[in-house]
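The values are calculated or read from the model by the stated rules, or taken from the named source; none is laboratory data. Source: prediction; values computed, not measured. Because the Cβ atoms are built from the backbone with ideal geometry, glycine has one as well, and the counts that use them run over all protein chains shown.
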Amino acid sequence: MPMTIRQARIGINATQQELADKMGVHVQTYARMEKHPEDMTIKQALLFASIVGRPISDLYFGVELQFN
């Protein structure tokens, strides 16, 4: 089962501020991404996956992704 972006962030023991800094966004913008991951752009989702060291297919963004 894919993990949420919040679970992935906690899994690397990072704060919202640390992830926001690494993604180049304000902490409030990052917090909104955690609440509404379906609104992330593909570029943001790929960057997030890279930062947390997970394949994007391991993460849940509020929609089911098909990789076939």
note = Note on the range 10-50: residues touching a residue at least 12 places away in the same chain (Cβ under 8 Å), surrounded by 14 or more Cβ atoms within 10 Å (Cβ to Cβ), over 13 Å from Phe61 (Cα atoms) and not hydrophobic (A, V, I, L, M, F, W, C) are Gln16, Lys22, Tyr30
remark   = Checked the range 46-68 for anything among the small types (Gly, Ala, Ser), at pLDDT below 95 and in a helix (DSSP H, G or I); matches are Ser57
remark   = Of the residues in the range 1-18, those that are at pLDDT 95 or above and not in a helix (DSSP H, G or I) come to Ile12, Asn13, Ala14, Thr15
key: Given (1) in a helix (DSSP H, G or I); (2) at pLDDT below 95; (3) not hydrophobic (A, V, I, L, M, F, W, C), number of the condition Asp21 does not satisfy   = (2)
Candidate set: the range 28-45, residues that are of a type in the set (A, V, I, L, M) and more than 9 Å from the chain's Cα centre (by Cα); chosen: the one modelled with the highest pLDDT = Ala31
